[in-house]
Amino acid sequence: MKEWGYSILKGRQIDFENNDFSISRFVELHEPSFSWCIGCGSCTATCSAAKFTDFNPRKVNLLIQRGEIKGIEDEIAKCMLCGKCQLVCPRGINTRNVVQNIKRAISKSYAL
Amino acid sequence: MSENKQHIIIIGGGPAGLEAASKLGSAGYRVTLFEKEEQTGGKLRTWYKLYPGFRLAEEVQDFLANEIKINVPEIFSNAEVVNIIPDNKYHTVVLADGRSFIADAVLIATGFELFKGEKKEEYGYRIYDNVITSADLEKKLRLGQPLTTANGQTPARIGLIHCVGSRDKKVGNVYCSRLCCITGVKQAIEIKHHLPKAEVFNFYMDMRMFGQNFEELYIEAQQKWGITFIRGRVSEVAENIDGSLQLKAEDTLSGRPIKMNFDLVVLLVGMVPADRTEAIGKSANLGFTSGSFLASADAQIKPNETNTPGIFVTGTCKEPLSVGETLSDARSAAVRIISWLREKREIN
Amino acid sequence: MHFNLFVIPFMAGMIALLILLAFRYSQWLSNLETGDWRKIGSNLFTLKTIYAFREIFMESLIHRKVFKVNPLLGYMHMSLAFGWFMLIVVGKFEAFYYTGKFANEFYYPIFFRFFEQTPHLSTTLLNFNASMDLILLVVLSGIVVAILKRFRPGMTGMKKITRHSVGDRLALSSLWMIFPLRLLAESTTAGFTGNGSFLTQPIGNFLNIFLPLQSISMVFWWMYSLALGAFMVSIPFSRYMHIPTELLLILLRNWGLKTNDNFTGFSEIEVQSCSRCGICIDTCQMNSQGKNATTQMVYFLRDYRYDQLKPDLSDNCLLCGRCTQACPVGIDLTQQRVLQRKKMTFPQSAQFKYLPVNQDIDKTEVVYFAGCMSHLSPNISLSMEKIFKADSVKYLFMDRDGSVCCGRPLKLSGQFEAAKQLVENNRQQIIASGAKTLVTSCPICYKSFKEDYNLKIRVLHHSEYLPELISQKKIKVLPTGKQVVFHDPCELGRGSGIYEQPRNLLKKFTDLRPLSQEKSDSLCCGGSLGNLSMDTEERCAIQKATADYLNSGNPEFIATSCPMCKKSIGQFSVAPVKDIAELVAANLVKIGQENHKLLKYRKLQDAMDIQ
């Protein structure tokens, strides 16, 4: 069938049904606090790496939870693991372990 | 005073304690109220105007004082209660000076304290001169002091930080203090009342505008006063060489970190239980909420009862409440105490 | 020629053990680094070897360190180890004296009472005989304590005992059997021959009343030999491998070997030397204050040995170093954990090319590096700046605007390569500043600068720098008389051995009170970056317990010298928690002229104190 009418621009929407939740599931299994984020942004505000680059830990977390994992490897590589985000997080998220497990999940999927 | 009159002791002479005392007094009970300070009135005495209608806190204070004058003859000031010894028939209330009193029912209305801003050192309270708390701002407004920076300049840009000491696991307070949001809106407008040219920014996580006319005031703040609300929790405040302050947050709606300079920063400090509440509660075997407030026996149907019969709670010692909510809660407590005392008398 | 068939199990076990040991030892030794061999070569014929043997005697036989932990536990270990050792030595000399030959069959002294059944007549031999019985009695008393400890650990001061594997259980059962069987074998023989002494003879005489000892005793000699053989064979497959391995460890350690950033043969020897005594479980605050008694070093090393180590276990450790301090074997446990994390890390996926490199800057005297955590307790760096200004030294504040990590957190997580990138970037910056001194406020950064940066300039934590300024009369501090206790940060104290400098500094202007647990024995604040997986609740439990402990004597201030400790303890402390830099800055008097800003600052601090 030929394309006709107004179809939604691909990539514009979060395609929840077809997204990849493998990283999200892996991280949540090993660090349940991963999904407690309320998006206050303190982590990004204090983030050492976010001062020099467009790294945004809040967004990385959220995107993985939505299954939007494209380019996540390059993003998470910017983290220095200094732990400031963990100190400011009002929800008590174990942010450093979230980062570790995201990296673990990525390397696992590469190994497969 | 006749001997067969049932006796109620109220601990705390803030709005909750005063309102319950006058209602119980007018119902004919013998009421004794202990206030740890020189004067009754509690934190209401430290506030200037009340949201959402900007009425003077003083007016409510006068209302309470008048009521109490008529209905409650026995008020002990400078009387700090240290513990309660619960018993089947009578409860004993012990004061710091060693005196003790017995009562058929005890109503705890010890109220709240404000979260100590310096506990969040990254916000620089008591380190940087131009970081103040919402209580400091109220004091300035009440005393009619000009809103200036520490060195007497008129601030051109003022920032208000929400959720200081509330919804923060790192300081042990996971609960929401509920009223800082509306206080932030109210104070932002009050700042504009005094300094129409100043830019005012509120940094928030969520705006919780649950009360009557709260949302309307939020809209007024944006539409009439041009106040800006930035969704992002401030991570730290730093001082510039000229004494102005730099705030760091993430502007989460644009998804980028933001740094801004301010001449004055107001911390909207949350509510925590008053210092003595924990000791009194423990002595009477009461339960506590996650935030160490006194727990009601049942949130829906027994809001003023506790798990110890004859010991009741009201006001902000059990949860963060506005002045209006506090007075309603005190009346609810009074009604429940009256019915409970009747049941007790009938059994005996 | 003395021989009987029953010696075969013992001899077979012994030979199997020696072969296995030789095989393992050569494997480990072949994995030593070249530098290690050089060290061994240059230290072999020095006093160090004698020290090593002294240490072997004190630790492996007497168990001095275990005694310090608990006297009964120490007695248990000593009676077994030293007692057994003495049985062998005295037995050897007894056989030597009896036969007049030093060289006998290997098993002859061990089964001496089987082979020589004629009762002794000479006083010397009678004394030998009595000594052997006495030593056996001591060993047996140790076995009794060991059995009781299995069922009631609290008696020996142990709250938790370690769980056992199959090999462990076989070894343990045979070990427990050896000495009672020896007693029975010797007693039953003595019963019909009269060759026993004060212990074995009465028992033998008693048993002789109703048992046909002449036929029964042979059964016990067989069982004794079998138990010995079984124990020998199970050693390499059980926790008891630590016994022969520890001897090697002590020698190598005395020759200067240690575990560094690579896992070498020496590291393997360290791992295999763990006796699984479980002392590390009790010293661990995650156990005593938290709720976790499953990830401590003893379990970590066990899982490693059985090749079952998982990241979740490996990551759950504060790396505070309390267990390393307490370990009776002296294993560098903290470093072992870091090296295993390094082994388990994912393909390196970190890159910090975005970091700026500013080489073109004015040369300075001092570089100040506050550290990431200091940005969240800004009064520390603010105080340091006041002090630098009071001293009028030329300084640069390296991370004033943006905190950059020193690299240690990555290293502690096992990502050595990623950490190196940060180290290199920071190193370039520090060198470019031309500074002669690097001062930091963060003990984590300090350890990193000291150990990983290879800087040719002085690296000081402010706990070292501030007393230096005072003794050089560059700054002056007013005495306050305030009662203070000092909390040792892990990385500064146990990590870097800095205990006295901050104390001497505080003594100059405060009333410093001692604590029962301080210096190498101090508690961790619970905030440590070493632990990746501990949840916030458990962290808070440790933070609160440590804060309560520090507040127990009602001090006016709790002093520390780490931004992380300050924050961790501060949220649960009654007394205000201050960094020593803050205390110095608050009580600073400028030499010469009055400084208004400082006075104002002082007033502000006083206002805080009243609060």
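The values are calculated or read from the model by the stated rules, or taken from the named source; none is laboratory data. Because the structure is predicted, anything quoted here is derived from the model rather than measured. Heads up, the Cβs are rebuilt from the backbone with ideal geometry, glycines too, and the neighbour counts pull from every protein chain shown.
Tabulated values for the structure
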item: In the stretch B:255-267, the residues that are more than 14 Å from chain A (Cβ to nearest Cβ) and either touching a Cys at 6+ places or on another chain (Cβ under 7 Å) or among the aliphatic types (A, V, I, L, M) (or both); result: B:L264, B:V265, B:V266, B:L267
item: Residues located in the stretch A:90-112, provided they are part of a loop (DSSP other than H, G, I, E, B) and more than 7 Å from every other protein chain (Cβ to nearest Cβ); result: A:I93, A:L112
item: Residue check for B:K69: out of contact with any Phe, Trp or Tyr (no Cβ under 9 Å at 6 or more places or on another chain), under 25 Å from B:G28 (Cβ atoms) and not in a helix (DSSP H, G or I); result: no
item: Filtered residue count, the stretch C:547-579, keeping only those that are outside any loop (DSSP other than H, G, I, E, B), away from chain B (no Cβ under 13 Å) and in contact with a helix residue (DSSP H, G or I) (Cβ under 6 Å, 6 or more places away or on another chain); result: 3
item: So A:D20, is it in a loop (DSSP other than H, G, I, E, B), surrounded by fewer than 19 Cβ atoms within 10 Å (Cβ to Cβ), within 14 Å of chain B (Cβ to nearest Cβ) and at pLDDT below 95; result: no
item: Residues (in contact with a helix residue (DSSP H, G or I) (Cβ under 8 Å, 6 or more places away or on another chain) and either assigned to a loop (DSSP other than H, G, I, E, B) or among the hydroxyl-bearing types (S, T, Y) (or both)) located in the stretch C:361-374; result: C:I361, C:Y368, C:A370, C:G371, C:S374
item: Count of residues meeting criterion [more than 12 Å from chain A (Cβ to nearest Cβ), among the hydrophobic types (A, V, I, L, M, F, W, C) and outside any helix (DSSP H, G or I)] in the stretch C:321-358; result: 3
item: Output for the stretch B:279-302, where each listed residue is polar (S, T, N, Q) and within 21 Å of the chain's Cα centre (by Cα); result: B:T289, B:S290, B:S292, B:S296
item: Total residues in the stretch C:471-529, condition touching a strand residue (DSSP E or B) at 6+ places or on another chain (Cβ under 7 Å) and in contact (Cβ under 8 Å) with a residue 60 or more places away in the chain; result: 16
item: The stretch B:143-170: number of residues that are within 14 Å of chain A (Cβ to nearest Cβ) and in contact with a strand residue (DSSP E or B) (Cβ under 9 Å, 6 or more places away or on another chain); result: 8
item: Residue selected from the stretch C:386-412 under the condition small (G, A, S) and out of contact with any His (no Cβ under 7 Å at 6 or more places or on another chain), by the criterion modelled with the lowest pLDDT; result: C:G402
item: Restricting the stretch B:163-191 to residues that are out of contact with any helix residue (DSSP H, G or I) (no Cβ under 8 Å at 6 or more places or on another chain) and charged (D, E, K, R), the residue that is surrounded by the fewest Cβ atoms within 10 Å (Cβ to Cβ); result: B:R178
item: Some residue of the stretch B:275-292 being aromatic (F, W, Y), in the same structural domain as B:A333 (by TED's automatic domain parsing) and crowded, with 21+ Cβ neighbours inside 10 Å; result: no
item: For C:S522: the one exception among (1) farther than 22 Å from C:S374 by Cβ; (2) away from every other protein chain (no Cβ under 14 Å); (3) touching a Gly at 6+ places or on another chain (Cβ under 8 Å); result: (1)
item: Odd one out for C:G74, checked against (1) crowded, with 18+ Cβ neighbours inside 10 Å; (2) closer than 17 Å to C:Q201 by Cβ; (3) not aliphatic (A, V, I, L, M); result: (2)
item: Lone unmet requirement of (1) without any contact (Cβ under 8 Å) to a residue 60 or more places away in the chain; (2) assigned to a helix (DSSP H, G or I); (3) crowded, with 19+ Cβ neighbours inside 10 Å for A:F55; result: (2)
item: Residue match in the stretch C:466-484 (condition: closer than 29 Å to C:R503 by Cβ, within 28 Å of the chain's Cα centre (by Cα) and not small (G, A, S)); result: no
item: Exclusive hit being within 26 Å of B:K259 (Cβ to Cβ), of a type in the set (V, I, T) and in contact with a Pro (Cβ under 9 Å, 6 or more places away or on another chain), set A:V88, A:V99; result: A:V99
item: Filter result (within 14 Å of another protein chain (Cβ to nearest Cβ), in contact with a Ser or Thr (Cβ under 9 Å, 6 or more places away or on another chain) and surrounded by fewer than 20 Cβ atoms within 10 Å (Cβ to Cβ)) within the stretch C:280-312; result: C:D312
item: Residue ranges of strands (runs of 3 or more DSSP E) in the stretch B:133-244 with at least 1 members among the acidic types (D, E), assigned by TED's automatic domain parsing to the domain that holds B:P257 and within 17 Å of B:S322 (Cβ to Cβ); result: none
item: Some residue of the stretch A:27-44 being within 14 Å of chain B (Cβ to nearest Cβ), more than 15 Å from the chain's Cα centre (by Cα) and part of a helix (DSSP H, G or I); result: yes
item: Only one of C:S374, C:S392 that is of a type in the set (G, A, S) and either more than 14 Å from chain A (Cβ to nearest Cβ) or surrounded by fewer than 24 Cβ atoms within 10 Å (Cβ to Cβ) (or both); result: C:S392
